[in-house]
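Visitor: Quick one: this structure, given as structure tokens, is what I'll be asking you about.
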Amino acid sequence: QVQLVESGGGLVQPGGSLRLSCAASGSIFSIYAMGWYRQAPGKQRELVADDTLGRSTNYADSVKGRFTVSRDNAKNTVYLQMNSLKPEDTAVYYCNLKVQLKAWLPPENVWGQGTQVTVSS
């Protein structure tokens, strides 16, 4: 079993910053990508940013230049630094890992429990 524990969400004023963290625990054979998705009320879950283990990073157009995804491989932890936050960034943010749990198993997605980010004055 793999568990993802997220932290760092909360209430922040427009223009402010937050840093989300997501730590993975459990037995993992290989990690292909680590990243963040978000879901606002009444909307579909969307990719915010991900890191395909040194090959590339991908960002939603709406967060480019404001958000930065990073990781600590030794700690199996992924971070999302969010600057210049806007009210439209308000959503539940979910950590996502694309992992292979065992050598003989196909890759799969593992999700965190979600953390609320609210941007409001």
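Visitor: Counting other Cβ atoms within 10 Å of each Cβ, which chymotrypsin sites (Phe, Trp or Tyr not before Pro) in the range 1-96 have at most 12 and sit in a DSSP loop?
Guide: Qualifying residues, ordered by number: Phe29.
Visitor: Would you mind checking the range 1-17 for residues with the amide N under 15 Å from a putative spin-label position 7 Å along Cα→C-beta of Arg66?
Guide: 12-17
Visitor: Another question, if that's okay. Taking θ = phi - 60°, what integer Hz values does the Karplus form 6.51 cos²θ - 1.76 cosθ + 1.60 yield along the range 66-80, in sequence order, with x for Gly and Pro?
Guide: 10, 10, 9, 9, 8, 8, 10, 4, 5, 9, 6, 10, 10, 10, 9
Visitor: So how do Thr77, Thr90, Thr68 rank on accessible area, 1.4 Å probe, biggest first, that is with the largest at the start?
Guide: Thr68, Thr90, Thr77
Visitor: With the convex hull built on the Cα atoms of the chain, state its orientation-averaged projected area in nm².
Guide: The orientation-averaged projected area of the Cα hull of the chain comes to 7.4 nm².
Visitor: Once you have the alpha carbon radius of gyration of the range 53-121, what is it after dividing by 2.2 N^0.38 Å, with N set to its residue count?
Guide: 1.31
Visitor: Still on this structure: Which residues does the label zone of Ala74 cover in the range 11-28, counting backbone N under 15 Å from a point 7 Å along Cα→Cβ?
Guide: Answer for the range 11-28: none.
Visitor: With a sphere of radius 10 Å drawn around the Cβ of Ala40, what net charge do the other residues whose Cβ falls strictly inside it have (Lys, Arg +1; Asp, Glu -1)?
Guide: 0
Visitor: Would any residue of the range 51-94 have its amide N under 13 Å from a label point 7 Å out along Cα→Cβ of Glu108? List them or say none.
Guide: none
The values are calculated or read from the model by the stated rules, or taken from the named source; none is laboratory data. Worth saying up front: this structure is predicted, and the values here are computed from it rather than measured. Cβ coordinates were reconstructed from backbone atoms using ideal geometry, including for glycine residues, and neighbour counts include every protein chain displayed. Quick note on the areas: whole protein, heavy atoms, side chains included, nothing else; ligands and nucleic acids left out. Shrake-Rupley method; radii C 1.70, N 1.55, O 1.52, S 1.80 Å.
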